[in-house]
Ligand code: GLN
């Protein structure tokens, strides 16, 4: 006889989530805790958020900013978001009609997709992909078409991308700087993508949470800033990575007024709104001087170099990331046959948690030679990781 729990699941589980698996990234964090391993799996900083930002949040709570904000975001924060895009990209967004504050980019992405996709619609996704995008599309009943980013430089084949677009394509999802590859899409690549969006009348839904984390002179270009894209781009971003506050869950969505209308409805019914005092602190964050962003990129650039040296020293061939804070390492030379057994060994015997590359691919075999390491950590943590990694070859 099946257990009561199993039978409840069989009886009541929705078809919508039937294919869902547990998030591998978050599972790795749990394993790291269980084994006392250094967590280079889930991408969150182990160092404090900026002092002034923490103070602004505490002051907002003491100033009694503790009740609901307007569902699509407190006005001062929407104004600050508009100000940010004016300052960094010379783009004007109307805080009243084009900006929605949400609970992190994760909620932003699903709210957007639920607002624009119908069952049977197709979306185009670059692979490897951040794991949330697949369940997001499944919740919408949308069909996903994958286009390969090819190691080591993660370039894509333009013909393959073109073939992925069909009359049923509603949107392409673009994450640049990219998780997990560290690829920063170039202007030429973005122009090609923008051309396809216009030719096939589709939307570009962009996840830009690593926008300020770029190296080697790479520049982040929001596709919405390209000619002809303003009316067909939906930009999702958040405070998490830029200000080291991944637990705050404060993000935003920029979209043309008509689309913003739809997105706000979904957002309202699933979350009501993001935390009011943290939105208030966000006003201070988004007003930080340019020097903050320069320092952020420089700091992570040094950390990238540190972890790449440690990984290469341990016999793992790295694709050098030009943005975001992850490295995809190739384990082919380690003697391990697949990413999952390698990561298990890494956690249990070496004391480091990382993410098996297969979790970023549709077919696990395609990612079996990759493991993702994150480096948004204190130098002290990266140094511990270096010492532990040196035991890999022992
Ligand atoms: N974006 C981060 C990562 O890829 C965190 C994911 C999450 O757990 N929300 O590791």
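FYI, it's all coordinate maths here, none of it is from the lab. This one's a predicted model, so the numbers in the text were calculated from it and none came from an experiment. All Cβ positions, glycine included, derive from the backbone under ideal geometry; neighbour counts span all protein chains shown.
Of everything in the range 12-56 that is away from the ligand (no atom under 14 Å from the Cβ) and in contact with a strand residue (DSSP E or B) (Cβ under 7 Å, 6 or more places away or on another chain), the residue that is nearest to residue 344 (Cα to Cα) is 37. Screening residue 153 against (1) part of a loop (DSSP other than H, G, I, E, B); (2) within 16 Å of the ligand (Cβ to nearest atom); (3) under 26 Å from residue 330 (Cβ atoms) leaves a single unmet condition, (2). The residues on offer are 264, 249, 232, and the sole one that is under 25 Å from residue 284 (Cβ atoms) and away from the ligand (no atom under 16 Å from the Cβ) is 264. Of the helices (runs of 4 or more DSSP H) lying entirely inside the range 1-115, those carrying at least 2 residues that are in contact (Cβ under 8 Å) with a residue 12 or more places away in the chain and in contact with a helix residue (DSSP H, G or I) (Cβ under 6 Å, 6 or more places away or on another chain) are 24-35, 51-62, 75-89. Scanning the range 287-312 for residues that are surrounded by fewer than 16 Cβ atoms within 10 Å (Cβ to Cβ) and in contact with a helix residue (DSSP H, G or I) (Cβ under 7 Å, 6 or more places away or on another chain) yields a single hit, 287.
With respect to (1) within 20 Å of the chain's Cα centre (by Cα); (2) away from the ligand (no atom under 16 Å from the Cβ); (3) more than 14 Å from residue 181 (Cβ to Cβ), the lone exception for residue 119 is condition (1).
In the range 351-366, the qualifying residues are those that are more than 18 Å from the chain's Cα centre (by Cα) and buried (at least 22 other Cβ atoms within 10 Å of the Cβ), and the one that is nearest to residue 389 (Cα to Cα) is 352.
The residues of the range 347-371 that are within 16 Å of the ligand (Cβ to nearest atom) and either part of a helix (DSSP H, G or I) or closer than 14 Å to residue 29 by Cα (or both), listed by number, are 347, 352, 353, 354, 355, 356, 357, 358, 359, 360, 367. Condition first: surrounded by fewer than 24 Cβ atoms within 10 Å (Cβ to Cβ), within 19 Å of residue 129 (Cα to Cα) and within 16 Å of the ligand (Cβ to nearest atom). Can you find one or more residues in the range 187-208 that meet it? Yes, some residue in the range 187-208 is surrounded by fewer than 24 Cβ atoms within 10 Å (Cβ to Cβ), within 19 Å of residue 129 (Cα to Cα) and within 16 Å of the ligand (Cβ to nearest atom).
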